[in-house]
Amino acid sequence: MATQRLRRRLVKHLVEEDVLHDPKWVEAFRSVPRHVFLPRFFTRVDEGWAAVGRDDPGWLERAYSPDVLVTQLDDDSSLWEKARREGPIEGVPTSSSSMPSIMAIMLEELRVGDGQRVLEIGTGTGYNAALLSHRCGSGSVSTVDVDAGLVAAARGRLQEAGYAPSCEVGDGALGFPAGVMFDRVLCTASVSSVPPAWLEQTVPGGLVVTTLNRPLGAGLVRLVAGSGATGRGRVLARDGRFMPLRAHRRPAPAALPSPASADWRPTQLPIDLVLKPRLKFEFFASLELPGVHPVRELPDGSTDPISSGDPHAGAFALTHPDGSWARFRTSGDTFEIAQGGPRGLWDLAERALVLWNSLGRPERDRFGLTVDGSRQEFWLDEPDGLRWELS
């Protein structure tokens with residue numbers, strides 16, 4: 001069958017990308033029909049977001065592509081029908097079927113064992129819950145999402161695919177409504193801080209895997225639960241970034257002032273080094289620049305928040321809610337910055353680079369995270385080493 005061939009092709013891609021290794025997860029990706037969970041989605045076109053459905057040419061192939069597929073805009077599931085009627089529309093993605101590579105990374109980092117109970121935060125389409133159900137058995141899997149419409153649709157698609165995990169509507173930051181204890185908690189959205197309820201619902205020694213919603217320094221962490229709302233773990237070397245839980249979305253960054261010609265000065269620090277995770281400095285920069293947002297400057301003078309590590313062509317800047325800002329530009333072969341507000345953000349970034357070099361240029365997997373309720377701290381190498389508040 002075509003779907004079996006497409007699943008085999010997707011698995012081959014994930015194995016070759018070095019994100020899928022465990023034979024049990026290989027079998028799950030080979031078996032779970034992703035297309036069942038993606039009867040419709042959006043694709044980006046010049047005019048906005050176009051609606052794609054199961055009757056469209058190429059729908060099935062796209063459903064098994066290695067790409068993220070947006071399934072909802074502006075928290076409004078009716079916008080797909082509007083785009084179908086009227087053509088491409090504008091909107092902000094608020095739900096999706098994540099890149100299979102990121103899903104594979106997180107599922108393997110969960111280190112789930114046979115017979116363990118797993119809680120998924122963020123049901124979405126239901127595809128990830130189906131993968132968990134295939135691996136662990138439906139009776140061992142619970143999933144929760146704040147959007148009742150998404151949960152209802154996911155429950156039906158899970159049933160169609162032959163799976164029956166426990167699906168509930170609720171605020172994922174509060175854990176599972178029934179108060180069951182779990183061996184593993186996996187959040188397929190990102191959070192600004194680790195909700196204490198997750199650790200309270202995880203048996204001591206169990207694992208919590210999530211992604212952090214941070215303007216800089218986002219990515220995966222894995223915690224070992226202690227007693228109550230405590231846990232300790234590591235920032236993971238393998239990266240993964242998701243849409244935030246609704247309650248953890250960040251406000252839009254403030255507008256940027258226009259610097260005078262005399263405000264610009266040369267700098268040896270390129271903006272890419274601050275923004276791109278693959279260049280290794282980005283995570284450390286995020287610790288030394290807490291709360292700083294990277295933005296892209298648009299031709300009309302407005303700004304557009306950019307995902308950490310994804311600077312598009314254009315001019316870039318850093319902003320902070322306290323009114324501090326720094327703008328970056330290239331002048332010939334020279335990098336230039338201008339800055340203002342209460343603090344010199346670029347001065348802080350340059351000092352952070354000096355400190356990072358003096359510490360041996362630590363990469364993200366040298367950092368850990370300790371959670372004690374609302375008190376949450378990153379640390380370098382050991383818990384009693386250099387520390388930074390999670391912000």
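With the structure loaded, tell me whether ALA225 is within 17 Å of the chain's Cα centre (by Cα) and crowded, with 22+ Cβ neighbours inside 10 Å or whether it fails that test. Considered against the rule, which asks whether it is within 17 Å of the chain's Cα centre (by Cα) and crowded, with 22+ Cβ neighbours inside 10 Å, ALA225 comes out as no. Checked against the criterion of being modelled with pLDDT under 95 and crowded, with 23+ Cβ neighbours inside 10 Å, the candidates LEU158, LEU199, LEU186, LEU220 yield just one match: LEU220.
Scanning the range 187-220 for residues that are under 12 Å from the mean Cα position of the chain (by Cα), assigned to a strand (DSSP E or B) and not hydroxyl-bearing (Ser, Thr, Tyr) returns CYS187, ALA189, VAL191, VAL209, LEU212, GLY219, LEU220. Of all the residues in the range 161-183, those that are surrounded by 23 or more Cβ atoms within 10 Å (Cβ to Cβ) and touching a residue at least 60 places away in the same chain (Cβ under 8 Å) number 2.
Restricting attention to the range 9-21, does a residue exist that is touching a Gly at 6+ places or on another chain (Cβ under 6 Å), at pLDDT 95 or above, surrounded by 13 or more Cβ atoms within 10 Å (Cβ to Cβ) and of a type outside the set (Gly, Ala, Ser)? No, there is no match, as no residue in the range 9-21 is touching a Gly at 6+ places or on another chain (Cβ under 6 Å), at pLDDT 95 or above, surrounded by 13 or more Cβ atoms within 10 Å (Cβ to Cβ) and of a type outside the set (Gly, Ala, Ser). Applying the set (1) closer than 23 Å to VAL371 by Cα; (2) outside any strand (DSSP E or B); (3) charged (D, E, K, R) to ARG155 leaves exactly one unmet item: (1). Restricting to the range 351-391, and then to whatever is touching a strand residue (DSSP E or B) at 6+ places or on another chain (Cβ under 7 Å) and acidic (Asp, Glu), can you tell me which residue is nearest to LEU279 (Cα to Cα)? The extreme case among them is ASP365. Among the conditions (1) over 18 Å from GLN201 (Cβ atoms); (2) of a type outside the set (A, V, I, L, M, F, W, C); (3) part of a helix (DSSP H, G or I); (4) modelled with pLDDT of 95 or more, the only one that TYR163 does not satisfy is (3).
Identification of strands (runs of 3 or more DSSP E) wholly contained in the range 317-391 with 3 or more residues that are out of contact with any helix residue (DSSP H, G or I) (no Cβ under 7 Å at 6 or more places or on another chain) and either farther than 26 Å from SER193 by Cβ or without any contact (Cβ under 8 Å) to a residue 40 or more places away in the chain (or both) yields 325-331, 334-340, 375-380. Just one of (1) under 21 Å from ASP263 (Cα atoms); (2) modelled with pLDDT of 85 or more; (3) not charged (D, E, K, R) fails for PRO290. It is (1).
The values are calculated or read from the model by the stated rules, or taken from the named source; none is laboratory data. Everything quoted here is computed from the prediction, not taken from an experiment. Backbone-built Cβ (ideal geometry, glycine too); neighbour counts: all protein chains shown.
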